[in-house]
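Everything on this sheet refers to the single structure shown next.
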Amino acid sequence: MAEEDNWIVLLPFKGEPVVNTGQKQHFLLLEEAAPQLKREINNWAVGNNAPISDEHILARGHINHMNRICFQECPGNRNTIYDIVQGELSRQKTAKNTSPFFDPQNILSLLVVRAQNEHVPDEEDLYNAKLFSKNIANLPSKNLYECLDSVMSAENPAAAIRLAQQIGALLMMLPEVDETKGFWQKYKKTSSELFSHLLMTLDSVAKHSDSKILRWAALLHDVGKLRAVWVDEKGRTHFHTGPEGQGSDHEKVGCEMAREMLERIEMPEEEIQEVCFFIATHMFKHFDDKKGAQAFLELMGGEEKADEMLTLRIGDMQGKPKAEEGEEEIAEMRKLIKKVCEKPSDWEEIEPDSHIIVLLEEFDII
């Protein structure tokens, strides 16, 4: 079989088979692939081995000189490709007529119930919700905000966000967050997937705080890394502007992206401001003396927000590959803040963190 005749088949199916014979790589697709596969298809270049996993491959084969499809492999199934296709189409038709998830509002309700730990969807729920998740695009933006607001206020928001990504709903609601799935941060000795880090941070923050603003900040605090990244000669990723102007500061890019996302779902402006404040300041400098505690308090605008930011820092630390517990370190910083607040008359005049102040001013947060 000639190399140029290679082609792959992707699930799930919808519509009739279409064979593209105009390129070296031939995709046999049914009208639309699942949303989470679209990026992989788009990233697939002629002659480039894109990382499409075996679970996405239904069959391999080639198109012969008579332009007929010849099957070389059908993993786990001896039926012809068309039998498989027809079975899938029949299942989808039945689901359309019987599944409550044909109404996208019920998919949003599924996410809220999952966040409340009241229901774990079974295989049939997952299949049907995934099948109709694209219908979420037909809902008003306020419906998305109401759903996500309920998710962030519930007991287990991370579980709902994970489910949303799994069924394709996250792509319809917060595509920038969905894009973090499969984005790897490569450091000197470790690496971690950004989506997993965001969920671990959210999970930690949700266990320590009921604030939905802080939970939103946990989910979005590092989303700017998608656009800010640059890679050094050793293959390590960096998320702040490099010495020669490479990349950008991820907290700045993150504020821009967060505002765009949250405005799109019609979050109230006051809440957007608060979420962006935490994103802009989450890279605050560690402090271990009263002077540093005072500077931190002034930056945060008081003890309440300072305490919330330290909660976010704990989540950020625990969401890393080699989880840095950070509990003792944060406890010491909280003690210093208490001492400083007890004697405001002892405060000195100190220079604030100019980098963060400039960022807050740029986004009109202060």
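The values are calculated or read from the model by the stated rules, or taken from the named source; none is laboratory data. No experiment lies behind these values; they were computed from the predicted model shown. Note that we place each Cβ from the backbone using ideal geometry, even for glycine, and neighbour counts take in every protein chain shown.
Things to note:
- Going through (1) closer than 17 Å to residue 211 by Cβ; (2) in a helix (DSSP H, G or I) one by one, residue 155 falls short only on (2).
- Those helices (runs of 4 or more DSSP H) of the range 221-324 in which 2 or more residues are closer than 22 Å to residue 201 by Cα and modelled with pLDDT of 90 or more occupy 225-228, 250-264, 269-281, 303-318.
- Every listed requirement among (1) of a type in the set (A, V, I, L, M, F, W, C); (2) over 20 Å from residue 266 (Cα atoms); (3) surrounded by fewer than 21 Cβ atoms within 10 Å (Cβ to Cβ) is met by residue 199 save one, (3).
- Among the residues of the range 178-207, those that are assigned by TED's automatic domain parsing to the domain that holds residue 313 and among the β-branched types (Val, Ile, Thr) comprise 190, 201, 205.
- Boolean, residue 150 is modelled with pLDDT of 95 or more, more than 18 Å from residue 263 (Cβ to Cβ) and assigned by TED's automatic domain parsing to the domain that holds residue 283: no
- Verdict on residue 221 being in contact with an Asp or Glu (Cβ under 9 Å, 6 or more places away or on another chain) and surrounded by 21 or more Cβ atoms within 10 Å (Cβ to Cβ): yes
- Condition check for residue 278: within 19 Å of residue 148 (Cβ to Cβ), crowded, with 17+ Cβ neighbours inside 10 Å and among the aromatic types (Phe, Trp, Tyr): yes
- Criterion applied to 266, 244, 233, 270 was being free of Cβ contacts under 8 Å to residues at least 24 places away in the same chain and within 19 Å of residue 144 (Cβ to Cβ), and the one residue passing it is 270.
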